[in-house]
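The values are calculated or read from the model by the stated rules, or taken from the named source; none is laboratory data. Given the structure is predicted, the values throughout are model-derived calculations rather than measurements. Neighbour counts are summed over all protein chains in view; Cβ atoms, including those assigned to glycine, are modelled from backbone coordinates with ideal geometry. To get the accessible areas, we keep the full protein, side chains included, count just its heavy atoms, and leave off ligands, DNA and RNA. Shrake-Rupley method; radii C 1.70, N 1.55, O 1.52, S 1.80 Å.
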Amino acid sequence: MAEPPKPRPTADELEELLQLVQRDPASPAFVDLGEAYLALGRPREAIEVGTAGLRFAPDNHEGRLMVAKGHAALHQWKEAQAELLRIVKVDRTNRVGFTLLGEVLMRRADYERAVPVLQHAQNLDPGSPQVLNLLRPGARRADARRAPPHPHAGGAAQGRPPTASPAVPAAPPRPPPRARPRPSPARAPARRRGPRARRAAPVAAAFEAGGTDVDDGPTRGSAAAPVARPPSRTPTSAATRPCRRWRRP
């Protein structure tokens with residue numbers, strides 16, 4: 001983490017610390033025993049020892065910091081943040097506590113809160129390369145989060161998952177087109193009948209009534225059927241009438 005690891009303890013040193021804590025559970029030696037477990041890569045045993053020691057000494061910030069390191073070694077960032085907040089709220093000059101808290105916040109992608117915490121740690125130790133290595137990328141990512149999104153770039157370009165576009169309501173279905181009424185067929189204008197057609201009309205009516213053919217003449221023994229002739233429109237005068245005296249026999 002932020003602080004360089006301590007040298008590995010020997011088996012005799014570990015056994016001596018273990019016997020000391022067993023004899024006096026309230027002894028501050030539980031902090032050294034937990035640090036020895038962390039150096040050996042046994043963070044779970046370090047958390048157990050530190051939790052038992054904090055029951056007798058809850059104000060021991062070094063023991064609580066050791067427990068926070070154990071949670072961070074197990075990638076339990078939420079539990080580590082809770083322990084570190086208890087330290088920095090009381091001790092505003094704890095450089096290791098602020099540095100570790102800034103790293104935990106960056107692990108949780110909370111760059112907006114990690115930057116001021118790391119800046120405070122840098123004020124406590126301006127020459128610390130560990131704080132500077134954490135502050136630079138944290139400041140860049142925090143600025144990228146605060147920058148307005150580009151109109152043509154999605155959320156993935158700024159380190160955030162792309163947001164879904166608002167659903168556009170579907171357009172209502174268009175009504176089917178109305179069937180246009182078909183135009184009725186135009187009737188042919190009635191032809192005006194000429195004078196011949198008007199003269200032949202009474203003749204045809206007479207033949208239909210009598211049933212006599214025009215070309216057939218009267219047969220023997222039967223009376224000649226009267227032939228209906230259309231009246232002449234030309235008035236007959238005495239000059240045009242045939243003379244009955246000169247009728248042929």
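Scan the range 24-61 residue by residue and report those that are among the polar types (S, T, N, Q) and either in a loop (DSSP other than H, G, I, E, B) or crowded, with 19+ Cβ neighbours inside 10 Å (or both). Within the range 24-61, Ser27, Asn60 qualify. When the test is whether a residue is open to solvent by 60 Å² or more (accessible area, probe 1.4 Å) and not β-branched (Val, Ile, Thr), Arg107 passes it.
Out of the residues in the range 72-118 that are among the small types (Gly, Ala, Ser) and touching a helix residue (DSSP H, G or I) at 6+ places or on another chain (Cβ under 7 Å), state the one that is nearest to Gly41 (Cα to Cα). Per the stated criteria, the residue is Ala73.
In the range 66-80, the condition of being farther than 23 Å from Asn133 by Cβ, more than 43 Å from the chain's Cα centre (by Cα) and open to solvent by 20 Å² or more (accessible area, probe 1.4 Å) is met by no residue. On inspection, Leu134 does not qualify as aliphatic (A, V, I, L, M), buried (at least 21 other Cβ atoms within 10 Å of the Cβ) and either outside any helix (DSSP H, G or I) or within 33 Å of the chain's Cα centre (by Cα) (or both).
Flag set for Ala82, criterion: small (Gly, Ala, Ser), free of Cβ contacts under 8 Å to residues at least 12 places away in the same chain and either in contact with an Asp or Glu (Cβ under 9 Å, 6 or more places away or on another chain) or not in a loop (DSSP other than H, G, I, E, B) (or both).
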